[in-house]
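The values are calculated or read from the model by the stated rules, or taken from the named source; none is laboratory data. Source: prediction; values computed, not measured. Glycine gets a Cβ as well: all are built from the backbone with ideal geometry, and neighbour counts include every protein chain shown. The protein model used for the area step is the full one, side chains on, heavy atoms only, and it has no ligands, DNA or RNA in it. Shrake-Rupley method; radii C 1.70, N 1.55, O 1.52, S 1.80 Å.
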Amino acid sequence: MEAARMFAQRGYHGTSVGDLAAALGIQKSSLYAHISSKADLLAGIALAGAAAFHAALDALPAGAAAGERLELALRAHLAVVESQLDVATVWLQEWRYLTGEARDTFLRERHRYEERIRDLFEAAVRSGDLRRDLDVDDATLVFLSVANWAYTWLMPETDVAGLTSRLMSVLRGGMSQVTSSAAPRPP
């Protein structure tokens, strides 16, 4: 979708209806035969992003172990970003320009997505796949921070499955040695 590409590259406010019409090779007045407003285009793109991220979670295998479902959720999120980079960029960046009911609907869907990720962490803790003392809110924040900022660094040729495994390794294992005799490293 041309509007998603332009909003992702130029920003919502940096893209005029005239720019959209020119990119499509039509007159500005002709564009209004297909849309009611630029704001409606933004809402449609943002909500399409929400639907894509939810659909990715819906496709997780129900019978997989809780920890595996968490890793598959990250892989699914990154796959949506990779395959729909423009839509994901709008969903993650330009949504703030939504107004009224479109904004309310978007925020409900975004919150619901965050809750679904939190639920995956809670299930992994309950199952013993993750440590019992894990702060689920912090873990969810870290997961979503990694996943949501992927639109800024994910390249089209990225091996999403391999990247997900590496990222989950860092998220699961942390970054410090777990030995009491470890000497501090010199600066």
Being assigned to a loop (DSSP other than H, G, I, E, B) and among the aliphatic types (A, V, I, L, M) is the filter; apply it to the stretch 125-140 and report the residue that is surrounded by the most Cβ atoms within 10 Å (Cβ to Cβ). LEU130
For the stretch 83-124: of the residues being free of Cβ contacts under 8 Å to residues at least 12 places away in the same chain and over 16 Å from LEU41 (Cβ atoms), which is surrounded by the most Cβ atoms within 10 Å (Cβ to Cβ)? ASP119
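Rundown of residues vs (1) in contact with a Ser or Thr (Cβ under 9 Å, 6 or more places away or on another chain); (2) under 20 Å from LEU107 (Cβ atoms); (3) among the hydrophobic types (A, V, I, L, M, F, W, C); (4) open to solvent by 40 Å² or more (accessible area, probe 1.4 Å), yes/no style:
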{"site": "ILE26", "(1), (2), (3), (4)": "no, no, yes, yes"}
{"site": "LEU31", "(1), (2), (3), (4)": "no, no, yes, no"}
{"site": "LEU41", "(1), (2), (3), (4)": "no, yes, yes, no"}
{"site": "ALA51", "(1), (2), (3), (4)": "no, yes, yes, yes"}
Could you please let me know if TYR12 is buried (at least 16 other Cβ atoms within 10 Å of the Cβ), in contact (Cβ under 8 Å) with a residue 60 or more places away in the chain, in contact with an Asp or Glu (Cβ under 7 Å, 6 or more places away or on another chain) and not hydrophobic (A, V, I, L, M, F, W, C)? yes
